[in-house]
Amino acid sequence: MSRRCELTGKGPMTGNNVSHAKNRTRRRFLPNLNDTTLQSEVLGRAFKLRISAAALRTVDHRGGLDRFMAKAKDEELSPNALKIKKEIAKAKAAGETAL
């Protein structure tokens with residue numbers, strides 16, 4: 001399982017541990033990933049995703065999974081999340097034509 005956020009594409013970064021004597025050794029900064037279940041209002045079902053804490057705050061700020069996916073860039077999304085985005089867009093289009 002890769003250490004990459006499925007919604008934002010955030011992954012591990014590299015940097016240095018710096019001791020008091022200024023000795024530098026390489027280290028990795030891993031993203032704060034959480035297994036989360038997000039509800040889609042348009043589709044009426046839940047999706048399990050592995051996302052970062054920052055992505056979870058962004059989803060909440062934008063008003064849910066459906067609105068987040070509408071604004072999300074395709075390059076940042078994982079293949080699983082891209083599939084969800086297309087399902088949501090298709091359901092929204094079908095719902096608008098029914099009105």
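We did not get these values from a lab; they are worked out from the coordinates using the rules stated. Keep in mind that this is a model prediction, so the values were computed, not measured. Heads up, the Cβs are rebuilt from the backbone with ideal geometry, glycines too, and the neighbour counts pull from every protein chain shown.
So here's what we get for this one:
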{"item": "For the chain: relative contact order, % (alpha-carbon pairs under 8 angstrom, 6 or more apart)", "result": "26 percent"}
{"item": "Most fluctuating residue given options 14, 36, 58, as computed from a GNM of the chain linking Cα atoms under 10 Å", "result": "14"}
{"item": "Lys/Arg +1, Asp/Glu -1 at C-beta; the chain dipole; positive extreme among 65, 49, 23", "result": "23"}
{"item": "Extent along principal axes [Cα atoms of the range 40-99; Å; largest to smallest]", "result": "37, 22, 19"}
{"item": "The range 20-92: GluC sites (Glu not before Pro) in DSSP coil with no more than 14 other Cβ atoms inside 10 Å", "result": "41, 75"}
{"item": "Debye, to nearest 20: dipole size of the chain, +1 on Lys, Arg Cβ, -1 on Asp, Glu Cβ", "result": "620 debye"}
{"item": "Helix 79-98 vs. the chain, principal-axis angle (Cα, 0 to 90°, nearest 10)", "result": "20 degrees"}
{"item": "Segment residue 71-residue 90, length gained on full extension (0.36 nm per residue, minus Cα span)", "result": "5.3 nm"}
{"item": "Rounded to 10°, Cα long-axis angle of helix 53-62 versus longest principal axis of the chain", "result": "30 degrees"}
{"item": "Sparse-neighbourhood loop sites, trypsin sites (Lys or Arg not before Pro) in the range 54-98 - DSSP loop, at most 12 other Cβ within 10 angstrom", "result": "73"}
{"item": "CD proxy at 222 nm, helix term only [per DSSP H run n ≥ 4: -39500 (n - 2.57); per residue of the chain; nearest 500]", "result": "-11500 deg cm²/dmol"}
